[in-house]
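Contents: one structure, followed by commentary.
Just so it is clear, none of the values below were taken in a lab; they were calculated from the coordinates. These numbers come from a predicted model, not from an experiment. We place every Cβ from the backbone using ideal geometry, glycine too, and count neighbours over all the protein chains shown.
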Amino acid sequence: MTRLRDLIEAAPELGRGPGAPDAAIRAAEARVGPLPSSYRWWLAEFGRGRTRGADLAVVVPTGITDGADDADEAFDVYEDVTARWRLSGDRLCFAVEPDCGDSYFFVLDRRGEAGDGEYPVVCRDGTDGEEYPVADSFAGFLTVREALSRGLGEGPNPAVARLWRSTPGVLLDNGVLMYGPHRIAERNEAFEVARYAPDWVLVGETDGGDGLFMRRHGRDRTSVHRLDPRAIDEDIAARGDLLTDDLLGWLRAGAPGLRP
């Protein structure tokens, strides 16, 4: 969860702390079933937060009931992930935008499809009630929302957007680092990529300091090229090493093919 912590620390509204007690999280799971791994971690570390105006569901200490007299306690009961209004069949609502905005749900009957203990996330449109997929995990949901908040769309190209649907970046054992939305703009600005190679984006780096570049425009937005970021120009494809045309598959395989 290191990459997720980095994302949250770069956007404090995503997590406010202190975290919820483990007993409270386990009590919630006893009522609604196992919670997604990254959401459970977020509850334990930060407890509450919001993303682009949508408050994230919390867990409340055992003993607070729907009849609580204290206004703050009553609000927490309403916001609790086990509140009756949140569970609808195989959907569990964990975030709602204000003023009849969109709602976001874990799809409970698809837990752990990737073997990671996560649930896919869908959005239910606040206007017409239609559903559409948003992310592959709670961590991916926060990543996509942060990307949108930073004016990055869902990602600089479809391949990176697909990665961000599940994780806010990747750090492999061989030192390959793929950036999340909280870091990608700063790294591209540092090397003036928009100035020297406006059709390209720096999406990551190797442990030796080389950059990993992909096109943000044009027909080929799937290939990953390796090049020293201090030597970039508009012809990165000719100057750099082609590593893969399947970013996600390459990362799953451990990013093979890197030469010293």
What 222 nm value per residue comes from the helices of the chain, counting each DSSP H run with n ≥ 4 as -39,500 (n - 2.57) and dividing by all residues, nearest 500 deg cm²/dmol? -8500 deg cm²/dmol
Starting from the Cα of Leu172, move 7 Å in the Cα-to-Cβ direction to define the label point; list residues of the range 195-237 whose amide nitrogen is under 16 Å from there. 203-214, 223-227
Please report, in debye to the nearest 20, how large the charge dipole of the range 2-147 is about its Cα centre when each Lys and Arg carries +1 at its beta carbon and each Asp and Glu carries -1 there. 400 debye
Rounded, prolate or oblate: which fits the range 158-252, taking a ≥ b ≥ c as square roots of the Cα gyration tensor eigenvalues, rounded meaning a/c under 1.5, else prolate when a/b beats b/c? rounded
Can you tell which of Asp241, Asp173, Asp99 shows the greatest fluctuation in a Gaussian network model of the chain with Cα springs below 10 Å? Asp99
Added length on full extension, which subtracts the Cα-Cα distance from 0.36 nm per residue, Val107 to Glu9: 32.6 nm
Candidates Thr127, Thr82, Thr143, ranked by Gaussian network fluctuation over the chain, Cα under 10 Å, top entry: Thr127
Specify whether the C-alpha gyration tensor of the range 145-195 places it in the rounded, prolate or oblate class, a ≥ b ≥ c being the square roots of the eigenvalues: rounded for a/c under 1.5, otherwise prolate if a/b is larger than b/c and oblate if not. oblate
Most mobile of Ala231, Ala57, Ala139 in a GNM of the chain (Cα contacts under 10 Å): Ala231
Of the candidate values (i) 1.00; (ii) 1.60; (iii) 1.03, the one computed for Rg/Rh (Cα atoms, Kirkwood Rh) from this structure is (iii)
GluC sites (Glu not before Pro) restricted to DSSP loop in the range 174-227 with at most 16 other C-beta within 10 Å: Glu192
Size of charge dipole - the chain - debye, nearest 20, with Cβ of Lys, Arg +1 and Asp, Glu -1, no other charges: 620 debye
At 7 Å along the Cα-to-beta-carbon direction for both Glu130 and Thr2, put a label point, then send me their distance in nm to one decimal. 4.2 nm
